[in-house]
């Protein structure tokens, strides 16, 4: 991998991390603490997915949090995989995983919930 | 690195035996919380995607998240997200704008402060989630004057 990529990624990890503090904290406090899992059902999610603002918010989370996490996993794995070839394989594997799961999440965000799932 | 020892063993030994005190523990906790949050994030992207792909499955996922073992996990998850953020802010701010503060004594103090801030931000959330878990899963109302809804 080119050193230029690693230098950009090094900065991106720090800036995305700072951005994720308000983004991820608000999400976790709202859904896990204030609303709570007992108040979350498919209707709750369907209502939120029908709101463009929340869809954009979720897109930002999906893009920044997941990329930050997968790049972090790559860095951790490099502590254990030292060979050039091994690191290349790990990088490709994580890149594919990241793309596939991001795509699944993005399709679901754009597709949203069927209107009949909003029951109240 | 042309070493005969396996990198796995070398790294694991280093993780366990490096005597860096605060900085060492902060590093380990940062990695542990980061990996934990990522694991949950992958599951969470996929389970939330079922709302579009297979809504019948979503209710099962939510039922699982409401169970006591998962709620305990969620309380831990909230700590992981908070700690990873506070400690990450320490790293990012020092790296980007004040690299001179990468002195061991300065950072030992900074690490203690990040841990204190994390616990302070986490404790009210953890107590509230515990209250809700006991109320909904075990019928125990720790705050009867608030009433149930």
Query raised in the report: Does region A:7-17 contain any residue that is at the interface with chain B (Cβ under 7 Å from one of its Cβ atoms) and in a helix (DSSP H, G or I)?
Result: yes
Report summary line: Condition set without any contact (Cβ under 8 Å) to a residue 60 or more places away in the chain and surrounded by 15 or more Cβ atoms within 10 Å (Cβ to Cβ), scope region A:104-120, selection farthest from residue A:17 (Cα to Cα): answer is A:108
Report task. Within region B:92-112, track down each residue that is touching a residue at least 40 places away in the same chain (Cβ under 8 Å) and either at the interface with chain A (Cβ under 8 Å from one of its Cβ atoms) or buried (at least 20 other Cβ atoms within 10 Å of the Cβ) (or both). Result -> B:111
Query raised in the report: Applying the selection to region A:7-37, what residues are surrounded by fewer than 17 Cβ atoms within 10 Å (Cβ to Cβ) and over 20 Å from the mean Cα position of the chain (by Cα)?
Result: A:7, A:34, A:35
**Report entry** Unique residue being surrounded by 16 or more Cβ atoms within 10 Å (Cβ to Cβ), within 21 Å of residue B:39 (Cβ to Cβ) and free of Cβ contacts under 8 Å to residues at least 12 places away in the same chain when the list is A:101, A:40, A:92
**Finding:** A:40
Query - Within region A:27-36, considering residues that are in contact with a helix residue (DSSP H, G or I) (Cβ under 7 Å, 6 or more places away or on another chain) and without any contact (Cβ under 8 Å) to a residue 24 or more places away in the chain, the one nearest to residue A:60 (Cα to Cα) - result: A:28
Report summary line: Matching residues in region A:46-61 (closer than 16 Å to residue A:25 by Cβ and either at pLDDT below 95 or within 11 Å of another protein chain (Cβ to nearest Cβ) (or both)) number 2
Query raised in the report: Which residue out of A:85, A:48 is part of a helix (DSSP H, G or I), free of Cβ contacts under 8 Å to residues at least 40 places away in the same chain and surrounded by 17 or more Cβ atoms within 10 Å (Cβ to Cβ)?
Result: A:48
**Report entry** Residue that is surrounded by the most Cβ atoms within 10 Å (Cβ to Cβ), among those in region B:29-59 that are more than 30 Å from residue B:119 (Cβ to Cβ), at pLDDT 95 or above and more than 7 Å from every other protein chain (Cβ to nearest Cβ)
**Finding:** B:50
**Report entry** Which listed residue is over 30 Å from residue B:11 (Cα atoms), out of contact with any helix residue (DSSP H, G or I) (no Cβ under 8 Å at 6 or more places or on another chain) and at the interface with chain B (Cβ under 10 Å from one of its Cβ atoms), from A:108, A:39, A:113, A:24
**Finding:** A:39
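The values are calculated or read from the model by the stated rules, or taken from the named source; none is laboratory data. Predicted model only: the values in this text are computed from it and were never measured. With ideal geometry, Cβ positions are generated from the backbone for all residues, glycine too; neighbour counts draw on all protein chains shown.
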